[in-house]
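Participant: Okay, handing you the structure first.
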Amino acid sequence: MAGDSGDDARAAAGSGSPAAAGDAGADDGGGEAVLTACSYLDMQAELEREASEVLPGKFDECTFGMGYIRQPLYACLTCTRPPAQYRRQGAASGGDPTDPAGMCYSCSIECHTDHEVVELFTKRRFRCDCGTRRLLPARKAAADPACCLLKRAQAAALAETENRDNAYGHNFWGFYCRCDRFYDPASETGLMVQCYVCNDWYHDACIGAMPSEERCDDYICRECVAKHAVLRYIRSPAMVRGVVVDGRVASLEDPLEDSPEDPLDGSLENQPASSSSEPCAEDGGGEPATKRPRPSACRLRRDTDAIDAGQPFDLFMGDGWRKDVCTCLDCMRGIAAGGLLFLLNEEDVVEPEEDEARGESLYESALKRLRAMDHVQAVDAAAAYRSLSAKIKDYLRPFAASGRVVTGQDIRAFFEQHAARRDA
């Protein structure tokens, strides 16, 4: 798991410029590091390489229009302000707390490039908040009413929109696990595991004993097991139960070994038929669902209540465990009521489309765009480039002759003068 390790790459991907000057040079006498042109180009190339690895997908389309989907999410700690319990020492408070908010991959780059962004990884049934009442980017200029750079045409309507079906938690402030600790990728050690149900992340040290990797494709935390009683009734050869003692998993058990009499797994074919029948709840819309017999009472529920007696435990699920989820009427009611239909079928994650051009440098991308223009546009663009290049060289020539260091203020002054002459 990594939190905000791609911030510099995010800046390179979103703006085409490095986030900050490096230290690959001498001091200019004022305490600032000096970069040579070659060092700057090398740093730019490294940022572009990092961006292509960390952020390989296209970021030209927001997922808001797709509705509530399972997708990679991000939170902006610049545009939102946490309550007192989640304020980090030394972090700017900036006013009253705001509601937490999440955004899609594209908005994290296009709309929040130079902000403090934390990666939340994959969460289900979430619609992008960027531009809505919860998340109006802090860098929005008064002259520009657009709240999300990817949704300008919808800005007014979005500003009054609230995604009421989104679920939020302490992850959106950068805090994780039952220990409620801020995740700092630079200092974090050890492994973190995501709960398949609530999507929170837990430190392996806070979990306790864990099975081997092949028995732990998915993890379900003790909090979710306690919240959703139906999870206690899963019985599968692919499952290991972690018995919690004093806040950590102290021992691992095979739940099939301690079932009384002849234990049943949760699969439908092993359960006795009943005169009751209902459409399969996981069959979605479209064609009418096939009706099939379902037992009205759950044998696993009775056995589990006798075995567990309120003992807290985590669940470690190996490959194929979903087919053993009980689908009797009682369990299906609990699954539907808890919003857990995703237990029955593995969900697809809506990932950003791979950008084949991400491996190209900005120079190569610019040349490709130039070649795609019609002849007249290409000639005009080349002429404008040559004109600007000549003006920059003339402006920098006195610096080279005197050995004077070119500062950021000098470059800003050049472009302000250039804009003033152009608009005159």
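Participant: Residues of region 170-192 being open to solvent by 50 Å² or more (accessible area, probe 1.4 Å) and in contact with a strand residue (DSSP E or B) (Cβ under 8 Å, 6 or more places away or on another chain), which ones?
Facilitator: Correct list: Arg178, Cys179, Arg181, Gly190, Leu191.
Participant: Can you pull out every residue in region 162-206 that is of a type in the set (Ser, Thr, Tyr) and over 19 Å from Ser108 (Cβ atoms)?
Facilitator: Result: Ser187, Thr189, Tyr196, Tyr202.
Participant: Among the residues of region 193-221, what is the count of those that are open to solvent by less than 30 Å² (accessible area, probe 1.4 Å) and part of a helix (DSSP H, G or I)?
Facilitator: 2
Participant: Looking only at region 389-410, filter to residues that are part of a helix (DSSP H, G or I) and open to solvent by less than 70 Å² (accessible area, probe 1.4 Å); which one of those is nearest to Val34 (Cα to Cα)?
Facilitator: Applying the filter and picking the extreme gives Gly408.
Participant: Mind listing whichever residues of region 222-233 are closer than 22 Å to Thr122 by Cβ and either open to solvent by less than 50 Å² (accessible area, probe 1.4 Å) or small (Gly, Ala, Ser) (or both)?
Facilitator: Arg222, Cys224, Val225, His228, Leu231
Participant: Filter region 307-322 down to residues that are open to solvent by 50 Å² or more (accessible area, probe 1.4 Å) and touching a residue at least 60 places away in the same chain (Cβ under 8 Å) and give me whichever is farthest from Arg215 (Cα to Cα).
Facilitator: Top of the filtered list is Gln311.
Participant: What tally of residues in region 333-371 results from selecting those that are outside any loop (DSSP other than H, G, I, E, B), loosely packed, with under 12 Cβ neighbours inside 10 Å and modelled with pLDDT of 80 or more?
Facilitator: Of the residues in that region, 1 qualify.
Participant: Turning to a different aspect of this structure: From the residues in region 106-128 that are assigned to a helix (DSSP H, G or I) and in contact with a Lys or Arg (Cβ under 9 Å, 6 or more places away or on another chain), which one is modelled with the lowest pLDDT?
Facilitator: Once the filter is applied, the top-ranked residue is Ile109.
Participant: Quick check on region 372-388: of everything there that is among the charged types (D, E, K, R) and part of a helix (DSSP H, G or I), which residue is farthest from Asp42 (Cα to Cα)?
Facilitator: Asp380
Participant: Follow-up question, since we're still on this one. Can you tell me which residues in region 21-76 are modelled with pLDDT under 60 and over 23 Å from Glu116 (Cβ atoms)?
Facilitator: Scanning region 21-76 gives Ala24, Gly25, Ala26, Asp27, Asp28, Gly29, Gly30, Gly31.
Participant: Out of (1) over 17 Å from the mean Cα position of the chain (by Cα); (2) modelled with pLDDT of 75 or more; (3) not basic (Lys, Arg), the odd one out for Pro185 is which?
Facilitator: Of the numbered conditions (1) over 17 Å from the mean Cα position of the chain (by Cα); (2) modelled with pLDDT of 75 or more; (3) not basic (Lys, Arg), the odd one out for Pro185 is (1).
The values are calculated or read from the model by the stated rules, or taken from the named source; none is laboratory data. Note that the coordinates shown come from a computational prediction; the quantities given were computed from them, not determined experimentally. Cβ: placed from backbone, ideal geometry, glycine included. Neighbour counts: every protein chain shown. Side chains are part of the model used for accessible areas, which takes the heavy atoms of the whole protein and leaves out ligands, DNA and RNA. Shrake-Rupley method; radii C 1.70, N 1.55, O 1.52, S 1.80 Å.
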